[in-house]
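What follows is one structure encoded as structure tokens, with my remarks underneath.
The values are calculated or read from the model by the stated rules, or taken from the named source; none is laboratory data. If you're wondering where the values come from, they're calculated on a predicted model, not measured in any experiment. Glycine also receives a Cβ, built like all others from the backbone with ideal geometry; neighbour counts cover every protein chain displayed. Calculation scope for accessible area: heavy atoms of the full protein, side chains included, ligands and nucleic acids excluded. Shrake-Rupley method; radii C 1.70, N 1.55, O 1.52, S 1.80 Å.
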Amino acid sequence: MDSIISAQGLSKRYRLGASATNDRTLREVIVDKTRSWFGSDAPANGNGADKRFFWALRDVSFDIQRGDVVGIIGKNGAGKSTLLKLLSRITDPTQGRAEIVGRVGSLLEVGTGFHPELTGRENIFLNGTLMGMSRREVATKFDAIVEFAEVERFLDTPVKRYSSGMYVRLAFAVAAHLEPDVLIVDEVLAVGDMAFQRKCLGKVQDVATHGNTVLFVSHNMGAVTSLCTRAILLERGSVVLDGTVNEVVDRYMTGTANQAQTPGRITYQPLPADDRDGQVLAMTSLDHAGRACENTLFTDGFSVELEYVLHRRVPDLEVSIDVFDRNGAKVFYSSTRRPPTGDTFEPGRYRSRVRIPGKFLIPNHYWISAAMLVPNVRFVDQRERAVSVQIVDNGSDLHRFAGTDVGSVWVDLEWGTTRE
Amino acid sequence: MSTTATKTLDTPQRVQPRAFIRPRSGWSTLDVFELWRYRDLLFMLAKRDVMVRYKQATLGVAWAIIVPLTQMAVFVLFFGNLLGAGNKANEAAKSAVIYPVFLLAAQTPWNYFASTVVSACNSLVGDSNLIRKVYFPRLVVPLSSIGAPFVDFVIAFIVLLGLMLWYGMSIVPALVALPLLAIAVTLAALGVGLLLSALTVSYRDFRAVIPVLIQLWFYATPVIISLTWLGEKWNWLLMLLKLNPMAGPIEAFRAVVLGLPIDWTGLWCSLGSTLLFIIIGLAYFCRVERRFADVV
């Protein structure tokens with residue numbers, strides 16, 4: 001058959017704790033070895049209950065045919081990135097196997113393999129060879145890459161002086177011109193300006209129509225639906241649904257709407273720090289008295305508090321929320337705009353709070369998403385529809401219209417009326 | 001063959017490469033073909049290191065000249081004049097030896113070795129963002145760390161030739177023999193560097209150990225003195241020091257520069273232990289490289 005990727009029972013287990021984040025010191029190893037000699041406390045192998053390990057991916061199987069464009073969706077920590085890492089051979093599975101036919105090109109994170117001190121030209125060659133091209137191959141595609149990225153004038157400028165948009169364009173251009181048999185796209189299209197996004201989507205579509213295969217990971221359900229024919233939904237490391245894109249996206253959207261553990265507050269399990277620069281740890285909606293709540297009065301307004309951690313310095317980081325109405329339409333977006341950590345961006349734990357004033361949102365039900373992002377470059381973390389808020393009417397005067405659609409934003413405008 | 005190896009050298013248009021992804025454990029062998037396909041990456045990473053190094057420094061290339069010369073001046077002052085190593089050199093060679101040349105002839109290959117080992121050790125951790133996000137043969141990273149030290153070595157080598165000309169010595173034997181010895185030094189540096197780079201990823205302790213190790217190694221290597229100065233009663237130590245992969249090449253380097261006879265036994269001993277280091281280094285590297293992305 002024309003199966004281009006076939007995976008059987010792929011599983012990946014990580015160690016938790018100090019060794020998962022970074023260091024494994026000699027002392028630890030010596031202690032471990034000594035323990036196992038004496039037969040006590042030896043780590044139980046393959047035992048799922050062992051607290052020192054966690055399965056990022058468990059028994060994932062699928063077959064992908066040539067020319068398929070497959071969306072991989074799931075919440076943060078569902079195992080999407082781990083799956084891509086296994087398929088691009090960055091790391092070995094703990095169990096299971098997969099076979100891939102053809103050259104694999106990954107478009108992972110923006111700027112991986114770019115050196116800020118080197119010029120655009122030098123970086124194109126560095127990045128191209130990193131993706132497995134030869135220098136000659138890069139040279140023949142050089143003009144096309146430069147044209148696609150629209151950086152002709154800055155070719156001999158160190159990329160540290162590039163705008164974030166230029167950076168993204170250059171990174172995408174190099175990967176897109178690799179002409180792989182299997183293109184792995186991880187969340188990159190969520191960034192860049194609209195025109196460039198369209199161009200990138202066009203390029204991905206191009207890859208697909210030439211009979212090549214695309215694996216597309218995104219939180220942007222719009223992009224997934226328009227690009228992919230098929231989707232795989234991952235949840236806690238396992239495939240929950242593998243089917244047509246509409247079927248899977250539907251399931252994902254309904255699934256994410258019911259995850260709050262305590263009313264008005266959701267916490268997230270900290271994920272391994274080596275994989276990410278930071279993450280959202282908790283999100284809470286608070287009433288005017290500062291209590292976690294799901295209901296708030298129309299005149300009181302409410303606050304949204306985000307707790308998050310930065311593992312590495314992230315320049316230009318912003319923290320933001322999106323508010324959606326019950327139909328899933330976005331009502332507004334708000335971000336810290338300036339880096340939340342002031343002039344420094346040191347790693348650490350932070351808490352940001354934004355107040356949404358009273359007499360602003362029409363009494364109704366709203367969903368709030370959170371994100372940590374570098375505008376136009378990348379998302380550090382995204383949490384979809386994390387908490388919900390019910391705004392209870394207490395004198396908006398709108399009860400007169402109960403049951404009818406009066407929009408989402410309440411405005412008190414001056415009307416002038418004259419009799420003709 | 002390594003189990004996840006891509007089984008062909010051809011372009012995808014002709015024969016589809018096939019990747020097998022499955023757990024690996026125990027010892028695995030080096031995939032030379034794959035490494036060869038990534039030779040351009042090796043070159044680009046080395047070039048990157050060289051460019052970044054000289055772009056960031058205001059004095060740029062000048063450092064490659066200033067540093068070894070300053071080092072030499074200090075050694076000449078302390079060991080040559082104050083401790084009488086200069087006279088000792090004359091006695092041992094039974095002729096007038098120019099101690100600054102004696103020193104620089106050993107320092108040049110030593111510095112090349114030491115800085116290659118140090119940068120190889122830091123290379124995997126330094127490029128951890130690449131290792132975590134892109135697939136390529138990991139061996140490329142420590143191998144490419146030879147780049148910047150090599151450029152420094154070439155510059156220092158030219159300085160050495162200049163110094164020899166200044167003292168009216170013939171540079172012809174040096175021009176012929178030293179590039180060959182430089183290969184021996186490169187192999188020694190890579191063998192040691194590979195082993196230590198993989199150990200550094202597995203155990204971060206090694207980052208603290210390496211400066212000390214290099215310093216001790218310096219004193220176990222005949223840079224300031226020559227092994228020929230050791231008398232009869234130090235025979236056991238001499239045998240031990242000859243196993244140092246750097247002892248033979250450095251003594252030979254100096255012998256060529258000063259026009260003295262080469263100690264072939266010493267050179268072969270060192271080449272033997274270099275080979276051993278390369279085998280152990282490669283074997284350990286291949287054993288642990290699949291874990292790099294998870295732990296680096």
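Taking region A:299-319 as the search range and keeping residues that are aliphatic (A, V, I, L, M) and in contact with a Ser or Thr (Cβ under 7 Å, 6 or more places away or on another chain), which one is surrounded by the fewest Cβ atoms within 10 Å (Cβ to Cβ)?
A:VAL304
Which pairs do you get when a residue that is more than 17 Å from B:ARG132 (Cα to Cα), found in region A:94-111, comes within reach of a residue that is at pLDDT below 70, reach meaning Cβ atoms under 6 angstrom, with the pair 6+ apart or on two chains?
A:VAL101/B:GLN16; A:GLY102/B:PRO12; A:GLY102/B:GLN16; A:ARG103/B:PRO12
Quick check on region B:260-271: of everything there that is touching a residue at least 24 places away in the same chain (Cβ under 8 Å) and within 21 Å of the chain's Cα centre (by Cα), which residue is farthest from the other protein chains (Cβ to nearest Cβ)? Before you say what the answer is, go through the steps one by one.
The first filter runs over region B:260-271 and keeps only residues touching a residue at least 24 places away in the same chain (Cβ under 8 Å), leaving B:260, B:263, B:266-267, B:269-271.
Narrowing the set further to residues that are within 21 Å of the chain's Cα centre (by Cα) leaves B:263, B:266-267, B:269-271.
Numbers: B:ASP263: 37, B:GLY266: 34, B:LEU267: 35, B:CYS269: 30, B:SER270: 29, B:LEU271: 31 Å.
If we take residues in region B:260-271 being touching a residue at least 24 places away in the same chain (Cβ under 8 Å) and within 21 Å of the chain's Cα centre (by Cα), then B:ASP263 is farthest from the other protein chains (Cβ to nearest Cβ).
Which of the residues belonging to region A:103-132 are open to solvent by less than 10 Å² (accessible area, probe 1.4 Å), at the interface with chain B (Cβ under 7 Å from one of its Cβ atoms) and over 20 Å from A:ASP275 (Cα atoms)?
Residues satisfying the conditions are A:LEU118, A:LEU126, A:THR129.
Just to verify a result, which residue in region B:168-177, among those that are out of contact with any helix residue (DSSP H, G or I) (no Cβ under 6 Å at 6 or more places or on another chain) and either within 14 Å of chain A (Cβ to nearest Cβ) or in contact (Cβ under 8 Å) with a residue 24 or more places away in the chain (or both), is surrounded by the fewest Cβ atoms within 10 Å (Cβ to Cβ)?
Within region B:168-177, the match that is surrounded by the fewest Cβ atoms within 10 Å (Cβ to Cβ) is B:SER170.
Can you tell me which residues in region A:56-102 are assigned to a strand (DSSP E or B), open to solvent by 10 Å² or more (accessible area, probe 1.4 Å) and within 7 Å of chain B (Cβ to nearest Cβ)?
Listed by number, the residues that qualify are A:GLN95, A:ARG97, A:GLU99, A:VAL101.
Tell me which residues, restricted to region B:16-45, are assigned to a loop (DSSP other than H, G, I, E, B), at pLDDT below 85 and facing chain A (nearest Cβ under 10 Å).
B:GLN16, B:PRO17, B:ARG22, B:PRO23, B:ARG24, B:SER25
Filter region B:189-203 for residues that are within 14 Å of chain A (Cβ to nearest Cβ), farther than 13 Å from B:ILE280 by Cα and open to solvent by less than 10 Å² (accessible area, probe 1.4 Å) and give the result.
B:THR200, B:VAL201, B:SER202
Taking the condition of being in a loop (DSSP other than H, G, I, E, B) and either modelled with pLDDT of 80 or more or open to solvent by 50 Å² or more (accessible area, probe 1.4 Å) (or both), how many residues in region A:236-263 meet it?
Selection size over region A:236-263: 5.
Anything in region B:95-131 that is within 14 Å of chain A (Cβ to nearest Cβ) and aliphatic (A, V, I, L, M)? List them, or say none.
Once the filter is applied, which keeps residues that are within 14 Å of chain A (Cβ to nearest Cβ) and aliphatic (A, V, I, L, M), region B:95-131 yields B:LEU124, B:VAL125, B:LEU130, B:ILE131.
Which of the helices (runs of 4 or more DSSP H) found entirely inside region B:177-296 contain at least 1 residues meeting this: within 30 Å of A:LEU271 (Cα to Cα) and touching a Ser or Thr at 6+ places or on another chain (Cβ under 6 Å)?
B:205-219, B:264-288, B:292-295
Tell me yes or no: at least one residue of region A:215-224 is over 25 Å from A:GLY96 (Cβ atoms), modelled with pLDDT under 85, open to solvent by 20 Å² or more (accessible area, probe 1.4 Å) and more than 15 Å from the chain's Cα centre (by Cα).
No, because not a single residue in region A:215-224 is over 25 Å from A:GLY96 (Cβ atoms), modelled with pLDDT under 85, open to solvent by 20 Å² or more (accessible area, probe 1.4 Å) and more than 15 Å from the chain's Cα centre (by Cα).
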